[in-house]
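The values are calculated or read from the model by the stated rules, or taken from the named source; none is laboratory data. Source: prediction; values computed, not measured. Please note: Cβ atoms are built from the backbone with ideal geometry, for glycine as well, and neighbour counts cover all protein chains shown. Just the protein is used for accessible areas: all its heavy atoms, side chains included, with ligands, DNA and RNA removed. Shrake-Rupley method; radii C 1.70, N 1.55, O 1.52, S 1.80 Å.
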Amino acid sequence: MKKILYVLSLLIIASMILTACGTPAPAATEAPAMTEAPVAVATEAPAATEAPTTDANSLPRNETLYFNGQQWGPVVGWNPYSNSNNNALAIAQQDNARVIMFETPYLYNMLDGQQYPLLADGPYTWNDAQTEITFKINAAAKWSDGTPVTAEDVAYTWATHIKYPTPTGDANKDVIDTIEATDAQTVVVKAKLDADGKTVNPLLVQAYLSSNYVIQKAWTETLEARAGGDVTALLADTAEDVVYSGPYHKFFTDDTKVVYVRDDNYWGQDASMWGKLPSPKYLAHTIFKDNAAGSVALAQGEVDVSQQFNSNIQVLWLSYGLPVSTYLPEAPYGIGASLPTAFFNPDSFGLDNVAVRKAIAMAVDYPTIIANAMTNQSATFDQVPRSLMNPTAGEQATYDQTAVADLQWAGNDIEGATKLLDDAGITDTDGDGWRELDGQKLSYVATCPNGWSDWQAAIEIVAAAGKKIGIDITTNYPEWSVYQTVVTKSDAPLPEGYDIFMMWTDGAGPTQPWGRIRKLMSSEFIGMASNWNGNWGKYSNPAADELIKAIPGMTDEAELKAAYTELVKIYLTDVPSFTLMYRPQAFHAVNESVWTGFPHDGDGTTPPVPPLDLTDGWSVAGLYNLTLVNP
């Protein structure tokens, strides 16, 4: 029977791929975690708080929620101060922080833009001068060792980030001055001030509260002693003894899977928080070879929550009647939040000319990218005209769309791109079919990481657009390990072969759309030896920098809208980069063979639960709504 099901699943996946109209393979988009190369296997010893009584290779199916698409390669560590754990389900400090094991004071909800209390008790407040934030810790909050979570834990976490320093400290030290405990429950976050005594960046100060974990002071002191005060040793520590406050912790890891088990003493079952424990006892993530294997497992019901690109996902329910669904029942199936983008290298000959950049961007066949590379899991640029904003209603309302309409393009405009080049005097002067600028042929290499098949399909379409307008664009696909080292080195010129290259943008978060615009356009990242922030093409525009710096201090809605509109104008005029598609914050497909009650559009939950795989930000609320299909 199993063999028959497997063969059937392979046929289903094959049909999904064939339906993709030329997509080269099911996409293996963002394989290993971006900065966390798997270099070791965590030990198989369980957390000290609970001895395993269940075989990790035969977990009770009616107690286990299975994932795919987040964990690629074995877990390295459990250290919440480090960004080198390759521990995808447990550790991700980001706009929508991952909170199954470690917790933040607040949870961001991308659907309504609100920050809801988790470790905090009630909303935070700014003082009248808007220079400091105060919030209280929930008195019910406890660590896994039974001791209370206190304001001193919050303060000591920040002090540790600054003392060593950690990636979190480096990212926030210019906007947060101090974090202090004024009593056992009360936390005061003091912002860095400018020369006029005003908060440098209130947006980033607020975002810290829902993006970064609170870590136990007592355990941190143990870690410090073990590291002997050495920052390298502290960040490299695998933290097998870590104390946590969340509902799950380590149960088992090897090179095939990672399993987390529920802490039945979890404080969040208190009436002041969730009022009960999350439904699954185990969270398990099989480490699949690639997306094709993950898609087979989803079709077979071996995966409940899929955070990976599943080509032509709709085939699973439309053609085969499987109990698989997505957050939206129709295309684009998810909420577009991030903007995978092609960056120009302005140091490449001719790409310092805006006519060349815009002509390439105008000529690209975006409908084909969306239909083939994304199998329609993206809104089109006719549906959501290009800007700097994602397709959500909230972001679309932040700028004046009519004011930039004459600058927008939907793609495949060969006539318009050709005229733009001709008018700029960039023509084919020697009759070889390729245009020249100042006597030199325009020839470029477009690139993205090898194996990220939806990105590769998009880059091939970019190259094809060049040929249609007389610009020679070839493609090259280096391995991710090489690509990420080259692209993030912003203190040196990009090497040959990186004329046009793809990277991501921010998705939805408490600083958006400002945070995404900053990372697409701000010159502050130029010169960084390790730049994981953005503006990888090293674009510089003083007018844009001034607006980006000013927006966090703006409170007048009309002033904000005017500033955002001006930034969109600058971006669409200068074209330092161009978005190729809209992409979900996270892919979110579910199989309801075992569990039901997953979030979907219009499900009636209040606040609404976002489709972030029940692990990120307010999405974790979904773990408490699950029920068994067959109790």
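A few notes on this one:
- Residue match in segment 533-556 (condition: within 24 Å of the chain's Cα centre (by Cα) and in a strand (DSSP E or B)): no
- Residue list for segment 472-483, restricted to those being in contact (Cβ under 8 Å) with a residue 40 or more places away in the chain and farther than 13 Å from Ile500 by Cα: Trp480, Ser481
- Among the residues making up segment 487-530, those that are surrounded by fewer than 20 Cβ atoms within 10 Å (Cβ to Cβ) and either among the hydrophobic types (A, V, I, L, M, F, W, C) or not in a loop (DSSP other than H, G, I, E, B) (or both) are Ala492, Trp504, Ser523, Glu524, Phe525, Ile526, Met528, Ala529.
- Hey, Thr182 at pLDDT 95 or above and either over 29 Å from the mean Cα position of the chain (by Cα) or open to solvent by 70 Å² or more (accessible area, probe 1.4 Å) (or both) or not: yes
- For the residues Lys250, Lys281, the requirement of being touching a residue at least 60 places away in the same chain (Cβ under 8 Å) and either within 30 Å of Ser453 (Cβ to Cβ) or buried (at least 22 other Cβ atoms within 10 Å of the Cβ) (or both) singles out Lys250.
- Residue match in segment 151-171 (condition: surrounded by 22 or more Cβ atoms within 10 Å (Cβ to Cβ) and of a type in the set (A, V, I, L, M)): yes
- Residue match in segment 193-216 (condition: surrounded by fewer than 18 Cβ atoms within 10 Å (Cβ to Cβ), within 28 Å of Val590 (Cα to Cα) and out of contact with any Leu (no Cβ under 8 Å at 6 or more places or on another chain)): no
- Close Cβ contacts (under 9 Å, 6 or more residues apart or on different chains) running from residues in segment 184-208 that are acidic (Asp, Glu) to residues that are in a helix (DSSP H, G or I) and surrounded by fewer than 17 Cβ atoms within 10 Å (Cβ to Cβ) comprise Asp194/Gly553.
- Residue within segment 142-152 that is aliphatic (A, V, I, L, M) and free of Cβ contacts under 8 Å to residues at least 24 places away in the same chain present: no
- Considering segment 51-84, the residues that are assigned to a loop (DSSP other than H, G, I, E, B) and of a type in the set (Val, Ile, Thr) include one that is modelled with the lowest pLDDT, namely Thr53.
- Residues satisfying the stated conditions in segment 390-409, i.e. touching a Lys or Arg at 6+ places or on another chain (Cβ under 8 Å) and either under 24 Å from Ile551 (Cβ atoms) or modelled with pLDDT under 95 (or both): Asn390, Thr398, Tyr399, Asp400, Ala403, Val404, Leu407, Gln408
- Condition met for Asn345 (open to solvent by 60 Å² or more (accessible area, probe 1.4 Å), within 22 Å of Ile461 (Cα to Cα) and touching an Asp or Glu at 6+ places or on another chain (Cβ under 7 Å)): no
- Matching residues, segment 559-608, being open to solvent by 10 Å² or more (accessible area, probe 1.4 Å) and either among the small types (Gly, Ala, Ser) or free of Cβ contacts under 8 Å to residues at least 24 places away in the same chain (or both): Glu559, Ala562, Glu566, Ala586, Ser593, Gly597, Gly602, Asp603, Gly604, Thr605, Thr606
- Condition check for Leu437: within 25 Å of Ala562 (Cα to Cα), at pLDDT 95 or above and not polar (S, T, N, Q): no
- Considering residues of segment 531-553 that are closer than 20 Å to Leu203 by Cα, touching a helix residue (DSSP H, G or I) at 6+ places or on another chain (Cβ under 8 Å) and open to solvent by 50 Å² or more (accessible area, probe 1.4 Å) only, the residue modelled with the lowest pLDDT: Asn533
- Among the conditions (1) at pLDDT below 95; (2) in contact with a helix residue (DSSP H, G or I) (Cβ under 8 Å, 6 or more places away or on another chain), the only one that Tyr477 does not satisfy is (1).
- Picking from residues in segment 222-243 that are open to solvent by 60 Å² or more (accessible area, probe 1.4 Å) and free of Cβ contacts under 8 Å to residues at least 60 places away in the same chain, the one that is nearest to Thr157 (Cα to Cα) is Thr222.
- Scanning segment 114-131 for residues that are open to solvent by 10 Å² or more (accessible area, probe 1.4 Å), touching a helix residue (DSSP H, G or I) at 6+ places or on another chain (Cβ under 9 Å) and not in a loop (DSSP other than H, G, I, E, B) yields a count of 4.
- Residue check for Ile100: assigned to a loop (DSSP other than H, G, I, E, B) and open to solvent by less than 30 Å² (accessible area, probe 1.4 Å): yes
- Only listed residue being more than 27 Å from Leu89 (Cα to Cα) and β-branched (Val, Ile, Thr), chosen from Thr380, Thr392: Thr380
- Only one of the listed residues (Val214, Val231, Val189, Val205) is within 30 Å of Arg518 (Cα to Cα) and modelled with pLDDT under 95. That residue is Val231.
- Taking the numbered list (1) open to solvent by 10 Å² or more (accessible area, probe 1.4 Å); (2) within 18 Å of Gly509 (Cβ to Cβ); (3) not in a loop (DSSP other than H, G, I, E, B) in turn, Leu111 passes all entries but (3).
- Residue pairs meeting the criteria (Cβ under 6 Å; at least 6 apart or on separate chains; first over 20 Å from Ala463 (Cα atoms), in segment 419-434; second at pLDDT 95 or above): Ala424/Ala355; Thr429/Glu436
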